[in-house]
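Comments concern the structure below.
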Amino acid sequence: MHSDILDELYRQYYGAALLYVLSLCRDRALAEELIHDAFVKACLSLPDDAPSFPFWLMKVCRNLWYDHARRRKFLSDEPVPERIDETTPETLLLQKEESAALWRAIAQLDAADRELLTLHYFAARPVAELAALLGLTPAAARQRLHRARRKLRHILEEDGYEI
């Protein structure tokens, strides 16, 4: 794979991959390391029959995380640390608070629901890809996504946000 193509793919998909891996591991340094490893694999071994690069990248990231978790027996449900951007202007304070509330609410979900919502909404992966990635039928993926959204809505409503 040419380095300019890899650079473009990195710029285009790094943010989505970071959000996804952060939803899995809740450790920014580890997430960045796993994403780096995934892009190295892309450089060395992207299969010609890969359905799409973002799908393949998320699958590699997920597999790297589970390999790491198995080695460290690390799967837990600790809350995701809040990410606060101190450079945000005061005029965006309300949006920042709502984003933090959403992040906290997502962190309260179980790992499977966090993964599903993050892939669908933050990494913009379609339900058919989610189903293939998670080994589900499309109908089962839609049902799980519906239930995860309902749980998220309930958490946000308990915190005083109207949905």
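The values are calculated or read from the model by the stated rules, or taken from the named source; none is laboratory data. Source: prediction; values computed, not measured. Reconstructed Cβ throughout: ideal geometry from the backbone, glycine too, with neighbour counts over all protein chains shown.
So which residues in region 53-73 are in contact (Cβ under 8 Å) with a residue 60 or more places away in the chain and farther than 11 Å from TYR20 by Cβ, if there are any at all?
PHE55
Against the condition more than 18 Å from LEU117 (Cα to Cα), among the aromatic types (Phe, Trp, Tyr) and at pLDDT 75 or above, how does PHE39 come out, does it pass?
Here the answer is yes, as PHE39 does meet what is asked.
Can you spot a residue in region 124-141 that is of a type in the set (A, V, I, L, M, F, W, C) and touching a Phe, Trp or Tyr at 6+ places or on another chain (Cβ under 8 Å)?
Yes: one or more hits.
Enumerate the helices (runs of 4 or more DSSP H) found wholly within region 72-163, keeping only those where 2 or more residues are at pLDDT 75 or above and within 24 Å of ALA29 (Cα to Cα).
93-108, 111-117
Among all residue pairs at least 6 apart or on different chains, which show Cβ distances below 7 Å where the first residue, located in region 127-147, is closer than 19 Å to CYS61 by Cβ and the second is hydroxyl-bearing (Ser, Thr, Tyr)?
ALA131/THR137
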